[in-house]
Structure formats: C-alpha cells, structure tokens
Protein chains: 2
Amino acid sequence: MKVNFKKQNRLKEFSKDKSKIGLKNSQKRTLIIEYFLHEDKHFSVEELYNEIKKISSEISYSTVYRTLKLLTTCGLADECNFDDGITRFEPVHKAQHHDHLICKRCGKIIEFKNNEIEKLQQDVAKKYKFSIKFHRLALYGLCSECKKKQRGN
Amino acid sequence: MKVNFKKQNRLKEFSKDKSKIGLKNSQKRTLIIEYFLHEDKHFSVEELYNEIKKISSEISYSTVYRTLKLLTTCGLADECNFDDGITRFEPVHKAQHHDHLICKRCGKIIEFKNNEIEKLQQDVAKKYKFSIKFHRLALYGLCSECKKKQRGN
DNA sequence: GTGAAAATGAAAGTCAATTTCAAAAAGCAA
DNA sequence: TTGCTTTTTGAAATTGACTTTCATTTTCAC
Ligand SMILES: [Mn+2]
Ligand SMILES: [Mn+2]
Ligand SMILES: [Zn+2]
Ligand SMILES: [Zn+2]
C-alpha cells in the first residue's frame, strides 16, 4: 500500500493522544489507521476489512473493528448512521463538522456544510431552551448521475 | 381502554388503503392500531407491547411488531432512529413532516418544524443536483428540565 | 533474551429485528 | 350453522451487525 505521508501527522497526533497511555505500537493497527485515514471514505467495518485483506491477508475483522472504535474514542473517527443498519466510520478531518447527502440508488455519499442551517438549529434549540450537544442531518434521495440513469429506464 | 373516536377516521383510512387488499379484520390488530394512533407517541415495539399488555394480556410482541410494520407500509406510521439502536414508530399525523430534539438524559422527544431549514436543505440539494426524497434531522442534547437538574448536581 | 502488558484472531455471545410454522380466528358460501 | 379457505397469531427459531472472550502472539522496557 502507498501511504499518503501528508496524513502521517494524523498518526502522530494519535500517538500523542492521552488515550494512548497503555497502548503499544502494533504493525497491524498502524496499517489499518494509515489506510483508513488515507482513503478518507465512509467505511463500514466490513468494507475496510475487505479492502485491507487485499493488501494484507493477515488482519482480522476483530482488529479492524477495534481499531475503528479506538479511533472514535480518540476523536479521530466519527460513526455515521445512514438508515441502513450499518455503522460507518469516517476520519475526522480538519474540515470540521459536516452533514451528508446519501444516494439511495448507488450509495454515493456527498458531504456538505451549511452554516445557515447550523445557525437555524441553534434558533430552534433556543426556542425550546434546549442545549444541542450534536446533531445528525442526512438528506436521502438520488444523486445527479442516478437521476440521469433513472430517466433512461 | 378508552378510544379517541376522533381518530377513528384514521382507521377507516387504513381500511380503505390498497394494502388492505387481502387483509382480514382482526380484533388484536385493531386494538393495537387504535392504541397507537390514540397515544400518538414515539413507540418502540417493546414499549407499545408493554403498554398494551397492561390492558390486554392476550397480545404478543410479534403481532405488535407486525402491525407497526404494516402501518408503516400503509403510510400511517413512520420509523424513527434516535441513535440508540432502537427503532421507534410514530403516527403520521396531519401535522405533516417534522424533525426532533432528543434529550440524551431523560429521553424526552420534542418535535419541531422549521421551514427555513427545509428550504435551505433544498438549496443544498440543488447545488449538488441532488433530488431529496426524504431527510432526517435530529438534534441531541439536554432539555430545559434536565439542564436545571444538571446544575443541581 | 526475559517477563509483563497489550494486541490479535477465532469463536462465542448479545440483542433487536425478522421469519417460521402450527394453531386459532376471520370470513365467505352453501 | 357448518365447512372450507385465507389470514392472523404466538412461541420459538433465526438473522445479522456488533461486541466480548480468551488463548495465543506481539510488543517493548529492562
Ligand atoms: Mn462525512
Ligand atoms: Mn415525531
Ligand atoms: Zn447515485
Ligand atoms: Zn431531558
């Protein structure tokens, strides 16, 4: 595998994390983390496991699972739910919080950030004297490509 | 159980539904539907099952489950996911679509509708040439009452 | 190297959701 | 009402994603 070394700083960040107290440097975990951060996609455990198996047949589902959970604990990954019963993980990149458009036909995931929406959410919260800790906004439908294909049917 | 007969029109609506072709009029299903529509809450199968058991010990979890799924198919109920791994069902009432504030401490669910947010979602979709079929917006945090209690700790 | 502690993999366990299937209920027609 | 067919029901089994267990392997400080 080719590792994007621009992402290596993320690993260093991980190494410095307080959660790392008591952790050892395992080759397998490092490989999983590098691959995950480099690909920068929305991976289910299964998907990441299958991709990594291609480049290294020596890694188990359990290890991939535990590594993704660990990254989540350390704040380097986020769990996503897209209403299909599968938990996906995405790297937390510097480009902060964002929400998602999910194509129900091809599965494509588009990220977006809309500050006006975020602001209006706060207005809603204020109205109900509610403190928002986090939120989930997902827009489901058809991406542009799938719309074209649909018309062709 | 006291049935709110103002809601009976909903049942008639159900009876007319095309999906009802081939369905028989079962007393148990009717009881479940009446209770569900009358209470107008966000029920998990387990919760609805437990409440109905109190008034009629003769109904099984399976039947409650199947009835809620049937209502969903008929468009009289919606499934909700509030990030706790439990599917909840809510009646689809005339007061159309809405989104939710969910208190992570006491579980309270507040419904809200914000047309500006809905509008901005369409703007986002347009930007990506995406057709939104439906969306989910959930704001998680602390309700006003729980905020007070938290300070008291 | 040696030993303690952490990581790993395979298998087992968990739990909500879903399906199976034999028995009961509904409903139609004689 | 009775007989017959279809739908509904309940208990139990199954599914599937996720999570934990535990014996073995790896890491790493000494
Ligand atoms: Mn994302
Ligand atoms: Mn609601
Ligand atoms: Zn698509
Ligand atoms: Zn609360």
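Tabulated results
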item: Those residues of the range B:52-67 which are under 14 Å from the mean Cα position of the chain (by Cα) and open to solvent by 70 Å² or more (accessible area, probe 1.4 Å), in sequence order; result: B:Tyr65
item: Elements of type strands (runs of 3 or more DSSP E) in the range A:68-153, at least 1 residues being within 7 Å of chain B (Cβ to nearest Cβ) and surrounded by fewer than 18 Cβ atoms within 10 Å (Cβ to Cβ); result: A:77-81, A:109-112, A:131-142
item: Residue satisfying condition, being among the basic types (Lys, Arg), more than 16 Å from ligand 1 (Cβ to nearest atom) and without any contact (Cβ under 8 Å) to a residue 40 or more places away in the chain, within set A:Lys113, A:Lys108, A:Lys129; result: A:Lys129
item: The range B:35-51, residues that are within 12 Å of DNA strand D (Cβ to nearest atom) and more than 13 Å from the chain's Cα centre (by Cα); result: B:Tyr49
item: Qualifying positions in the range A:48-60 - touching a residue at least 24 places away in the same chain (Cβ under 8 Å), within 19 Å of A:Thr72 (Cβ to Cβ) and assigned to a helix (DSSP H, G or I); result: A:Leu48
item: Residue in the range A:114-123 that is at pLDDT 95 or above, among the aliphatic types (A, V, I, L, M) and under 24 Å from B:Lys126 (Cα atoms) present; result: yes
item: The lone exception for A:Val64 - which of (1) within 16 Å of ligand 2 (Cβ to nearest atom); (2) of a type outside the set (Gly, Ala, Ser); (3) away from every other protein chain (no Cβ under 14 Å) it fails; result: (1)
item: Condition check for A:Glu145: away from ligand 4 (no atom under 16 Å from the Cβ) and out of contact with any Cys (no Cβ under 9 Å at 6 or more places or on another chain); result: no
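Conditions (1) in the same structural domain as A:Phe14 (by TED's automatic domain parsing); (2) within 22 Å of B:Ile109 (Cβ to Cβ), marked per residue:
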{"site": "A:Lys54", "(1), (2)": "yes, no"}
{"site": "A:Leu68", "(1), (2)": "yes, no"}
{"site": "A:Ala77", "(1), (2)": "yes, no"}
{"site": "A:Cys103", "(1), (2)": "no, no"}
{"site": "A:Ile109", "(1), (2)": "no, no"}
{"site": "A:Asn114", "(1), (2)": "no, no"}
{"site": "A:Glu118", "(1), (2)": "no, yes"}
{"site": "A:Asp123", "(1), (2)": "no, yes"}
{"site": "A:Leu142", "(1), (2)": "no, no"}
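The values are calculated or read from the model by the stated rules, or taken from the named source; none is laboratory data. The structure displayed is predicted, hence computed values, not measured ones. Using ideal geometry, Cβ is built from the backbone for each residue, glycine included, and neighbour counts are taken over all protein chains shown. Keep in mind that these areas ignore ligands, DNA and RNA; they rest on the heavy atoms of the full protein, side chains included. Shrake-Rupley method; radii C 1.70, N 1.55, O 1.52, S 1.80 Å.
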